[in-house]
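A.B. asks: Can you read through this structure? Questions will come right after.
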Amino acid sequence: MEKRQIQELIAAAVGQLAFAYVPYSRFRVGAALLAKNGRIYTGCNIENAAYSPTNCAERTAFFKAVSEGVREFSAICIVGGADGVLSGYTPPCGVCRQVMMEFCDPEEFQIILAVGPEDYQVFRLRELLPMGFGPANLQEH
Ligand code: THU
């Protein structure tokens, strides 16, 4: 992926921090999901007083895209920090990795963890979810 495109995703993810609904953790997360059609779907985390209904930023982005008929993706960028201050990488939680596994080729899909436009690291889903269970497993006999 070109650096220019990575930086566009980082900016889109950072833009989501303002919308994060985080009255309980105060930990703001923003995500920007790049679909193969070139569109970017953004997401923020949305917390809940009952805690468990909380939706992570990554899943917000995925569900926005899938609910509009888009199911093919190439990359996601994630940023996060307490009170929206980016001080370290925010790796996706296990549930979000599993959602990625549902829609993405683990050898191809790229996960960009960023702190700023010049400070980021790119991983493949396979690295972050080794031996993940996905749709293909249900087709094997
Ligand atoms: N969170 C995300 O949005 N994405 C992740 O991958 C890690 C955790 C959110 C959930 C919750 O609102 C807050 O961060 C603290 O866990």
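A.B. asks: Put Ser74, Ser25, Ser67 in order of accessible area, largest first, 1.4 Å probe: what do you get?
C.D. replies: My answer, sorted largest first, is Ser67, Ser25, Ser74.
A.B. asks: DSSP beta bridges in the stretch 39-141, what fraction antiparallel, as a percent rounded to 5?
C.D. replies: 65
A.B. asks: Would you mind telling me the share, in percent, of accessible area of the chain contributed by carbon and sulfur at probe 1.4 angstrom?
C.D. replies: 54
A.B. asks: Compute the length gained on full extension between Glu2 and Met131: take 0.36 nm times their separation in residues and subtract their Cα-Cα distance, giving the result in nm to one decimal.
C.D. replies: 43.6 nm
A.B. asks: Let me ask you something else. Just flag the trypsin sites (Lys or Arg not before Pro) in the stretch 27-58 sitting in loop per DSSP whose Cβ has no more than 15 other Cβ atoms within 10 Å.
C.D. replies: Passing sites in the stretch 27-58 are Lys36, Arg39.
A.B. asks: Please identify every one of the chymotrypsin sites (Phe, Trp or Tyr not before Pro) in the stretch 1-61 that sits in a loop by DSSP and has no more than 14 other beta carbons within 10 Å of its own beta carbon.
C.D. replies: Tyr24, Tyr51
A.B. asks: About the Cα centre, and with charges only on the beta carbon of Lys, Arg (+1) and Asp, Glu (-1), how big is the dipole of the stretch 1-44? Nearest 20 debye, please.
C.D. replies: That gives a dipole near 40 debye.
A.B. asks: Next up: Note the per residue figure in Å³ for the convex hull of the C-alpha positions in the chain.
C.D. replies: Dividing the Cα hull volume of the chain by its residues yields 110 Å³.
A.B. asks: Hey, another quick one. With a 1.4 Å probe and all protein chains left in place, how much accessible area per residue does the chain have, in Å²?
C.D. replies: Computed with neighbouring chains in place, this is 54 Å² per residue.
A.B. asks: Taking the Cα centre of the stretch 1-107 as the origin, how large is its charge dipole in debye, to the nearest 20, when only Lys and Arg (+1) and Asp and Glu (-1) carry charge on their Cβ atoms?
C.D. replies: 160
A.B. asks: Right, here's the next one. List the GluC sites (Glu not before Pro) within the stretch 61-112 that fall in a DSSP loop (any state other than H, G, I, E or B) and whose Cβ has at most 16 other Cβ atoms within 10 Å.
C.D. replies: Sparse-neighbourhood loop GluC sites (Glu not before Pro): Glu68, Glu72, Glu107, Glu108.
The values are calculated or read from the model by the stated rules, or taken from the named source; none is laboratory data. Remember, predicted model here, so these are calculated numbers, not experimental data. Note that we place each Cβ from the backbone using ideal geometry, even for glycine, and neighbour counts take in every protein chain shown. Just so you know, the surface numbers come from the protein's heavy atoms only, side chains and all, with ligands and any DNA or RNA stripped out. Shrake-Rupley method; radii C 1.70, N 1.55, O 1.52, S 1.80 Å.
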